[in-house]
Amino acid sequence: MLRVLHSAHALQALTLALTLIVACKGSCTCGRTTGELAELAVAGSTIELRKRDKHTPKHSTAGTPLLVIALDGIDREILYDLLTTGSLPETSSLLGGIKGAHEHAHLEENLLSTLPSITMAAWTTAFTGKAPGEHGVTGNEFFIRETQTFAAPAPVTITAPHLPIQTYTDGYLNALVPVPTVYQQLRAREPHISIWVAMHGLHQGADTLILTSRAAMAGAFGAMVEETIMQENPQEPDIRRLYASLDQEVMEETLDAIKDRKTVPDVLTIYFAGIDLYAHVAPEGPDQARRDYLKEIIDPLMGELRRALMRRDALEDRYIVITSDHGHTRVVHDDAHALSMKGPSEPPELLRKLGFRLRPFEQKVSPDTVFDAVFAYQGAMAYVYLADRSTCSDKPCDWNLPPRFEEDVLVVAEAFYKNSLEGHLVPTMKDSLDLVLAWRPVAAAKDDLPFEVYEGAGRLTPVEEFLSRHPHPGYLRFAERLRDLATGERGERAGDVLLIARNGAEEDVEARRYFADVYHSWHGSPSRKDSEIPLIVAHPKKTASQIAALTRKVLGPRPSQQRLTPLLMRLRQDKDDAGR
């Protein structure tokens, strides 16, 4: 049944979505017809990803049921403050408490996002248990050298509205992840386990994928909606309603499934994207926007979920986990602070002035296209991929070869380093970069070497040594998280030169820069605001101290986002002593 659109601007956005779906034709279907995609954009859909034989059990009784609430773009400070002050009463009730008292929940204070602190890298890390250098999703977009593929599950530099749609309709993100998800790991241990995933892009191994009418639009057309609505009507009060509808409808579809299905799943993950999408464009700034959104949109939904699960007796012995992927940093909404990919005063122009030939900002290019440099943007960070230019003076480069260290990597590192100091090539980029990092390239199939800090005149310095001389107290566990990003079998997907903008560690918002088009907020940096993420674990039959002991044992002394998968695996095993 088609749902009614309640906002004129939502209707405008949906019309745009349908237009773009039709426009992309065969390039965006990959197994689904244009008509099917159009139907998905209008109506919610429940897709059965895995067929169960009618004679096999409908679920597994081997472990404790799990409910995972994935809130995109919420840092720890904001969520915990609202919870402990009683500002999220429905969420507190779901966690087994009331008005800020959480006697059955542990609020972890030490978990950090991956680096970059950005959606696709972070959620893939959380739901595989592997670092980006291992699972290969090193950002919202990245270049795969061995196949010359520009992967963009959340495009920043390119216009590719079909790719996020394919995440939901054809498993585009799943196909980019060569390691098993937590769902696949759980299923390997419990073949009959029942798993539902509501709107999360990484769902390989689940039985059921629950979609909403505008969830595909949220991922695929978010940037387009912002450009066509937000920038034309910056004071329009219904903008938040457009994004809120994404989260409200994912809950509506989930509640329908809980009500109508014969069994409630052993593992249920529900993903809320609207809060992050709105934070990026909210004129009031990301902090106020997210506080209000949590209180006015998310909290009532938590009440609906709690009541639905209670009606099915599916909450009394279920672990509840609430977490996020990253925080947000306010930035200035203008061209001067946005380091975009367009125009003569942006980062690509610097490479052009050095004689490099950039890959066009398109998802696919002709095999005959000659390029020896590629950009991929991650908000506060940017990756620069370089070819061995000696292989391609008049023909396509051999990207299976690493670039030359002195003739390619150091040339680019020096140019960005010097330009940020002096502005000699692109004056408007003076003082825009906090750090330039580079590495000594090895072949793509090898374990990669760590990035080092470029200090000019060809000097690379190990990160720990550099920080001992130039402390960056705003950067949290920077060297450790950088190793997780850039070492491992797929570490080369973080580029050959890594640029970190003056962003989250800058107290003065006017000093902050970001790699993207114009926004009100971004993230991706190693800073506290972007990196400190919540992790709440609750169980109605356990005390907060019992849950804390179990959680901290799994997380270890330096909790990182890749420990979420081992934690979920351990909680699922906790059936025998759930009430102790």
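The values are calculated or read from the model by the stated rules, or taken from the named source; none is laboratory data. Fair warning: this is a prediction, and the values are worked out from it, not measured in the lab. FYI the Cβ positions are ideal-geometry reconstructions off the backbone, even for glycines, and counts take in every protein chain you see. These area figures cover heavy atoms from the full protein model, side chains too; ligands, DNA and RNA do not enter into them. Shrake-Rupley method; radii C 1.70, N 1.55, O 1.52, S 1.80 Å.
Listing for the model above:
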quantity: Sorted peptide list for 345-351, 318-324, 123-129, criterion being average Cβ within 10 angstrom, highest first; calculated: 123-129, 318-324, 345-351
quantity: Gained length - Lys541 relative to Val370, 0.36 nm times residue gap less alpha-carbon distance; calculated: 55.3 nm
quantity: Dipole axis of the range 67-199 (+1 Lys, Arg; -1 Asp, Glu on Cβ), positive-most option in Leu95, Gly73, Leu186; calculated: Leu186
quantity: Size-normalised alpha-carbon gyration radius of the range 395-514, reference 2.2 N^0.38 Å; calculated: 1.10
quantity: Backbone HN-Hα couplings from phi across the range 250-255 [Karplus 6.51/-1.76/1.60, Hz, Gly and Pro as x]; calculated: 5, 5, 4, 5, 5, 5
quantity: Unsatisfied cross-links (Cα-Cα over 28 Å) in the set Lys395/Lys430; Lys529/Lys553; Lys58/Lys130; Lys130/Lys529; calculated: Lys395/Lys430; Lys58/Lys130
quantity: Full-stretch length increase - Arg189, His472 - with 0.36 nm per residue and alpha-carbon distance subtracted; calculated: 97.6 nm
quantity: DSSP beta bridges in the chain [antiparallel fraction, %, rounded to 5]; calculated: 65
quantity: Within the chain, helix-based [θ] at 222 nm, where runs of 4 or more DSSP H residues each add -39,500 (n - 2.57), nearest 500; calculated: -9500 deg cm²/dmol
quantity: Relative packing of peptides 75-88, 132-145 - highest average C-beta neighbours within 10 Å first; calculated: 132-145, 75-88
quantity: Net charge contributed by nearby residues that have their C-beta within less than 12 Å of Thr391 (K/R +1, D/E -1); calculated: -3
quantity: ³J(HN,Hα), Karplus 6.51/-1.76/1.60, whole Hz, each residue of the range 258-274, x for Gly, Pro; calculated: 4, 6, 8, 6, 5, 10, 8, x, 5, 10, 10, 10, 10, 10, 10, 9, x
quantity: Candidate aspartates and glutamates - alpha carbon under 13 Å from Lys51, same-chain residues fewer than 8 apart omitted; calculated: Asp207
quantity: Three-way shape call for the range 314-397 based on the alpha-carbon gyration tensor, with the a/c threshold at 1.5; calculated: oblate
quantity: Shape of the chain, Cα gyration tensor, a/c cut at 1.5; calculated: prolate
quantity: Full-extension gain in nm, Glu284 to Leu421, via 0.36 nm per residue minus C-alpha separation; calculated: 46.1 nm
quantity: Calculated from backbone phi, Karplus (6.51, -1.76, 1.60) coupling profile of the range 171-188 in Hz, x at Gly/Pro; calculated: x, 4, 5, 3, 5, 7, 10, x, 10, x, 6, 4, 5, 5, 5, 5, 5, 4
quantity: Listed peptides 357-370, 59-72, 382-395, 421-434 by packing density, highest first (mean Cβ within 10 Å); calculated: 59-72, 382-395, 421-434, 357-370
quantity: Whole-number accessible area per residue in Å² for the chain, which is evaluated in the context of all protein chains at 1.4 Å; calculated: 37
